[in-house]
Amino acid sequence: MRIYVAGHRGMVGGAISRKLRERGADVITRTHAELDLTDQAAVRAFFTSEKPDGVVLAAAKVGGIHANNTYPADFIYENLMIEANVIHQAYVAGVQRLLFLGSSCIYPRAVEQPMREDALLTGVLEPTNEPYAVAKIAGIKLCESYNRQYGTDYRSVMPTNLYGPGDNFHPENSHVMPALIRRFHEAAASGAEEVVIWGTGTPYREFLHVDDMAEASLFVFDLDKETYEANTEPMLSHINVGFGEDVTILELARLIAHVARFKGNIVFDASKPDGAMRKLMDSSRLRSMGWKPSVSLAEGIGKTCKWFLHNVASLERLGPGRH
């Protein structure tokens, strides 16, 4: 099959592209410079020209609490435009199979744990990332609505917090895992006596390695239509993808500090927001179909730290124009 992977330079899109190529698929990609997915005319021209057999929609504007709080308009606008353009033009071009990647933040702030698929739209969202969450909910409903009206086979998977090679390690706009990996490695290298982390350290978070997410995505993508529909419900078409266990931010920090060989103190700044206190996915639906993760948290953190040192920290040490 000729599969268009939107967002192939991102962490998840890159992992899915690698897995597809290993399977012999013809993977179609475009950089942002080559194709602006918020540009309706450009997306229309791309689908008219390429006519892919399938689409994996992994492109999105993403970031942590700081980024979501600082750029709420960017997060809702860009994600809505990407989803609407890609999903609609895929339909117009006759694409029958599409996979949309969402986020665990679609669920209400005060949702029962672990979060089940049927908790969608049952309560108020977490305020710090509400614009992004609304956009991701819209993506689910776009897929669902095109299936209902046009008989397409557009599917949605909702991953928990992802990490791994290709993650965004920006010092301000990254998610908690890559932010802590960077902070602890830099602190260890500089001999800093302490690392300060936002919040209280008490919230729980679940983390899934990106290679596991790629495998789960293609597992769902490959399901025959009858099997997929048998495991979803009308008006409830998305499937959770999680690791199955969670840890506190303090526990996560200690794990990363150990791998980074940081010997100083871990300090929490309780004046900064915690976000939701717990976000554990109920992935029993996907597990009942035969998929389960294979990368442990300790193994995944070790691999990600090694990738960071060789691909981010090493290049930054070279300086501008040296790589």
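Descriptive notes on the structure:
- Hey, Ile256 modelled with pLDDT of 95 or more and in a strand (DSSP E or B) or not: no
Residue-wise test of (1) under 20 Å from the mean Cα position of the chain (by Cα); (2) free of Cβ contacts under 8 Å to residues at least 40 places away in the same chain; (3) buried (at least 18 other Cβ atoms within 10 Å of the Cβ).
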residue	(1), (2), (3)
Glu229	no, yes, no
Gly264	no, no, no
Ala270	no, no, no
Ala276	yes, no, yes
Ser294	yes, no, no
Ala298	yes, no, no
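- Segment 63-105, subset among the small types (Gly, Ala, Ser), in contact with a strand residue (DSSP E or B) (Cβ under 8 Å, 6 or more places away or on another chain) and at pLDDT 95 or above, residue nearest to Asn173 (Cα to Cα): Gly102
- The number of residues in segment 1-59 being surrounded by 15 or more Cβ atoms within 10 Å (Cβ to Cβ) and either under 16 Å from the mean Cα position of the chain (by Cα) or assigned to a loop (DSSP other than H, G, I, E, B) (or both) comes to 26.
- When segment 195-237 is filtered for residues that are over 22 Å from Met115 (Cα atoms), in a loop (DSSP other than H, G, I, E, B) and touching an Asp or Glu at 6+ places or on another chain (Cβ under 8 Å), the ones remaining, listed by number, are Gly199, Thr200.
- Taking segment 168-206 as the range and being touching a Phe, Trp or Tyr at 6+ places or on another chain (Cβ under 8 Å) and among the acidic types (Asp, Glu) as the test, only Glu206 passes.
- Test result for Ser156, of a type in the set (S, T, N, Q) and not in a strand (DSSP E or B): no
- Near pairs, Cβ below 8 angstrom, 6+ apart or cross-chain, from segment 149-167 (free of Cβ contacts under 8 Å to residues at least 24 places away in the same chain and farther than 14 Å from Leu223 by Cα) to any residue that is crowded, with 24+ Cβ neighbours inside 10 Å and of a type in the set (S, T, N, Q): none
- Lone unmet requirement of (1) without any contact (Cβ under 8 Å) to a residue 12 or more places away in the chain; (2) touching a Cys at 6+ places or on another chain (Cβ under 9 Å) for Val259: (1)
- Yes/no for Val247 being more than 23 Å from the chain's Cα centre (by Cα), in a strand (DSSP E or B) and of a type in the set (A, V, I, L, M, F, W, C): no
- Some residue of segment 96-105 being buried (at least 17 other Cβ atoms within 10 Å of the Cβ), in a helix (DSSP H, G or I), touching a Pro at 6+ places or on another chain (Cβ under 6 Å) and touching a residue at least 40 places away in the same chain (Cβ under 8 Å): no
- Taken over segment 275-297, the criterion of being part of a loop (DSSP other than H, G, I, E, B) and hydroxyl-bearing (Ser, Thr, Tyr) is satisfied by Ser283, Ser294, Ser296.
- Residue within segment 174-194 that is in a loop (DSSP other than H, G, I, E, B), touching a Ser or Thr at 6+ places or on another chain (Cβ under 7 Å), buried (at least 22 other Cβ atoms within 10 Å of the Cβ) and modelled with pLDDT of 95 or more present: no
The values are calculated or read from the model by the stated rules, or taken from the named source; none is laboratory data. As the structure is a computational prediction, the values presented were derived from the model and not from experiment. As a convention, Cβ positions derive from the backbone with ideal geometry for all residues, glycine included, and neighbour counts pool all protein chains shown.
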